[in-house]
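Structure first, commentary second.
The values are calculated or read from the model by the stated rules, or taken from the named source; none is laboratory data. Predicted, not measured: the structure shown is a model, and the values here were computed from it. Cβ sites come from the backbone with ideal geometry, for glycine too, and all protein chains shown count toward neighbours. For the accessible areas, the whole protein counts, side chains as well, though only heavy atoms, and no ligand, DNA or RNA atoms are used. Shrake-Rupley method; radii C 1.70, N 1.55, O 1.52, S 1.80 Å.
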Amino acid sequence: MTKRKFGLGLSLVLAAGTILGACGTKDDEKASTGSEGADKGTESTDFSIAMITDVGGVDDKSFNQSAWEGFQAWGKEHGLEKGDGGFDYLQSAGDADYVTNLNNLVRRDFDIVYGIGFLLEEPIATIADQKPDNKFVILDGVADRPNVVSVLFKEQEVAYLAGVAAALMSETKQVGFVGGMEIPVIERFEAGFVEGVKAVDPSIKVDVQYTGKFDDAALGKTTANRMYSSGVDIIAHAAGGTGNGVFAEAKERKTKDPNANVWVIGVDSDQYEEGAVGDSNVTLTSMLKKVGTAVQDVANDAMAGNFPGGTTLTYGLAENGVELADSRGAIPQEILDQIKEYSDKVASGEITVPETVE
Amino acid sequence: MPNRVVNILVPVISVILGLLVGAVVMVVSGYDPVAGYSALWNGIFGDSYTIGETIRQITPYLLSGLAVAFAFRTGLFNIGVEGQLLVGWFAAAYVGIAFDLPMYIHLPLAIIAAAVAGGLWAFIPGLLKAKLQVHEVIVTIMMNYIALHTTNVLTRMVADGKETTGTIKETASLKSVFFESLTDYSRLHYGIFIALAMVFVMWFILEKTTTGFELKAVGFNKNASEYAGMNVNKNIILSMVISGAFAGLAGAMEALGTFQYASVKGGFTGIGFDGIAVALLGANTPLGVVFGATLFGALKFGSLNMPNAAGIPVEIVSIVIALIIFFVACGYIIRYFLVKTNKKKEAK
C-alpha cells in the first residue's frame, strides 16, 4: 500500500516534470522575444492602452463590448494594432484573476490600463498603490488614487428617459426592470427607471427583479418569462450577459406570436441587433452609456500630457455621456418629442434624478 | 516491464498526450501551440511574481483537495466543499474585521473560526446521513447554494449594504511583507504553511490514530466496521466535520491571505468543485493531493498568461487545460495499453 502510494507520488512528480520539460526548450525562445517586445515598447514613442474586463468577455453585447469598441476606434484613429504597443484586452475568469491580469498588462508596458466595470474597483486601487508610476482608469467605479482616473456615468438620467418611454409605450400599464447584481451602478439604473415611469404615470406598476448575476442568460430568460406572463409588456434590463436571456425570451414570444406586445429596453450599447426577430424587432430602445467615448477622451488627454489623475469624471446627459439609442421607428414621433422634453429638462438641471431608490 | 517503470511512464505519457491534443486544438483553431505552451510555462515559472502567484493559487486547492479526499476515505462524497469554503471565508473575514486583538490571538482565532464554520456547515449533512440516511451528495449540493446566498446577505450586513467588507485588521492577516518583496508584490501569503501543515495533519489522523483507522474502516466496509464494534454514525459525522474544517480553512486562505476581505459573490468560486478533481487525481491520499493541487493550481494560474502573451482566447485555453487534466485523469487507459503490450512481448 505504502509502496504503491510512493510510486504514485513519484510518478506525479515526474508528470509535473514533464509538463515543464516539454516546454523547457521553448522557454528560451519566448524569453528572447519577450525582451525584444519590451525594448520596442520603451523605444517607440507610440502610446498604448489596454483594458481588463470582469467575468464577461468583450463580446457581451453590452458594457465591455462598447468599451472594447472604443479601444478599437481609438486604435484605428491612431493607426495602432491590437497587441503590444497598441491596444489589447484581457478577460478574467473570476475575482482572483483581476490583480494578476492588471499586473500582466502593466508589465507589458501599456501606458494606461483600464479596469472596465465596478468589480475592478478594489483591484485597480490595489495595483495603483503597488505601481505608483503607472496610469490607470476605472470605469463605473471610484478609486481615489493620484494615478487613477475614475469615470462615472449618470445612468439614472438615461434610465429616467427609458422609464418615460416605457410608461408612455406600455399598454398593460405594467413594466419590468431586470438588474444584475445589486451594486450602485445598477441601482442608479433602477432608480432612474422607476422615477421616469412615475413621472409619467404614478399608477404604472414597475416589477423590479435582481438576478444576482451578470453572466447567466438562462436566469435572465426565466426572470423575463415570469414578468411577461404576469402582464408586463416592456422590460428594461441592466444585467449584462444575463440580459441576453431577456432578449431571448422576448424574441421567443415574438416568434410564436408576431402580434405579441413584448419589448425590451437594452443597456450600455445599442442592442438593436440583439432584438431582431425576422423582419420585426423587440428592442424598444437602449440606454446608451458612451463608454467608448469616455475611454477615448481619457486616452487622448493622457497622450496630450494631461492625464487627469486623481479626479472623477462624470458623464451625464448634459455631457453627452449617456443617451437613448435610436428606436428605429419602434417609438412614434409624438412620444419621442415628449421624451425630448424630459431630456432637455434633465440636461438643464430642471429635473434632478435620484441615484438611489427611496 | 517492471511495475515501477509503468508507474512512472503512465503519467508521463498522459501529460504528453494531453499537451499534444491541446496543441492540435490550438493549431486547428488557428493559434500557435509553441507560443501557447511557452506562455503557459512563463505564466507559471516566468519570474518571481508568477511563481509567487502560482503558489498562492495552489494554497486553497491543497485544502479543498484535502477536504474532499478526507471524506472520500470514509466513503463520503463531500460535494459541499464549495459551500463550506464560503462560510469559512466569511467567518475568517468577520473575525478579522470585528475584533481588536493582539496578533498571536487574533490570527489563530480567525483561522479557527473558519475551520469551525466549515465544520459546522458539514456537520448538518453528516448528521442527516448518519441519522436519517439522507444521501450526502444531495444535501451538500443544496447546502452550497444556502451558503452562497447566506454569506452574501451576511457580507452585505457586515459591509453596511456595500458589496465588499473593509480590509481585515493587520493582526489577522496572513499577508507576508517578506514574500511580497521577494516576489514583486505577488499575493503569496503565509497560508501555504498552514495548508502544508494540514497535509501532514490529514496523514497523521488517517495513518497514525485509532480514529483514522476507524474512519478508513467505515470507508472500506460500513457493515463490517459496525460488526467489529465501531460506531459508524459517529465516524460519518466526524469525517464530514473534519472535511468541512479543511474546506473552511481553504476559505480562510482567501479571506486572510489572498483577498483580505469578503465580498458579495455572483457565483461559486470553483475552488471547492475543483477540489473534487484534485482529490481524485491524488487518489485521495495526502501526498497525492499535494501533486493534484500543484498541477491544478499551476495550470489554472499559468493559463492566465496564454491570452496575455500568446493571444489565445480564454475559451481555447480552457479547452487545452481541461484536455491536459483529462489525460492525466485517464491514466488507467494508458496503463492498460502498457500492460497489454508488455504481456505480448513476454509471450513472445
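Listed by first and then second residue, the pairs with beta-carbon distance under 8 Å, at least 6 apart or on different chains, first residue in the stretch A:243-254 and more than 19 Å from A:F63 (Cβ to Cβ), second buried (at least 21 other Cβ atoms within 10 Å of the Cβ) and not aliphatic (A, V, I, L, M), are A:E249/A:G220; A:E249/A:Y228; A:A250/A:Y228; A:A250/A:W263; A:A250/A:G275; A:K251/A:G275; A:R253/A:Y228.
Which residues, taken from the stretch B:165-187, are within 18 Å of A:G141 (Cβ to Cβ) and surrounded by fewer than 18 Cβ atoms within 10 Å (Cβ to Cβ)? Break it down into steps so the answer makes sense when it comes.
Filtering the stretch B:165-187 down to residues within 18 Å of A:G141 (Cβ to Cβ) leaves B:165-167.
Selection gives B:G166, B:T167.
Please go through the stretch B:202-217 and pick out each residue that is touching a residue at least 24 places away in the same chain (Cβ under 8 Å) and open to solvent by 80 Å² or more (accessible area, probe 1.4 Å). Of everything in the stretch B:202-217, just one residue is touching a residue at least 24 places away in the same chain (Cβ under 8 Å) and open to solvent by 80 Å² or more (accessible area, probe 1.4 Å), namely B:W203. Across the stretch B:220-260, the number of residues qualifying as over 30 Å from B:Y185 (Cα atoms) and either within 21 Å of the chain's Cα centre (by Cα) or aliphatic (A, V, I, L, M) (or both) comes to 13.
Return yes when A:V291 is open to solvent by less than 10 Å² (accessible area, probe 1.4 Å) and out of contact with any Cys (no Cβ under 6 Å at 6 or more places or on another chain) and no when it is not.
yes
Scanning the stretch B:304-327 for residues that are within 13 Å of B:L19 (Cβ to Cβ) and within 9 Å of another protein chain (Cβ to nearest Cβ) turns up just one, B:I324. At least 1 residues being facing another protein chain (nearest Cβ under 10 Å) is the threshold, and among the helices (runs of 4 or more DSSP H) wholly inside the stretch B:1-120 those reaching it are B:3-28, B:33-45, B:48-73.
Taken across the stretch B:218-233, residues that are touching a residue at least 24 places away in the same chain (Cβ under 8 Å) and at the interface with another protein chain (Cβ under 10 Å from one of its Cβ atoms) do not occur at all.
For A:N225, work out the one condition from (1) part of a loop (DSSP other than H, G, I, E, B); (2) farther than 27 Å from A:A73 by Cβ it doesn't fulfil. So A:N225 meets the others, but not (1). Looking only at residues in the stretch A:228-271 that are assigned to a loop (DSSP other than H, G, I, E, B), within 19 Å of the chain's Cα centre (by Cα) and not charged (D, E, K, R), which one is surrounded by the most Cβ atoms within 10 Å (Cβ to Cβ)? Among those residues, the one meeting the criterion is A:A239. Regarding the stretch B:78-88, can at least one residue be identified that is in contact with a helix residue (DSSP H, G or I) (Cβ under 9 Å, 6 or more places away or on another chain) and surrounded by fewer than 24 Cβ atoms within 10 Å (Cβ to Cβ)? Looking through the stretch B:78-88, at least one residue is in contact with a helix residue (DSSP H, G or I) (Cβ under 9 Å, 6 or more places away or on another chain) and surrounded by fewer than 24 Cβ atoms within 10 Å (Cβ to Cβ).
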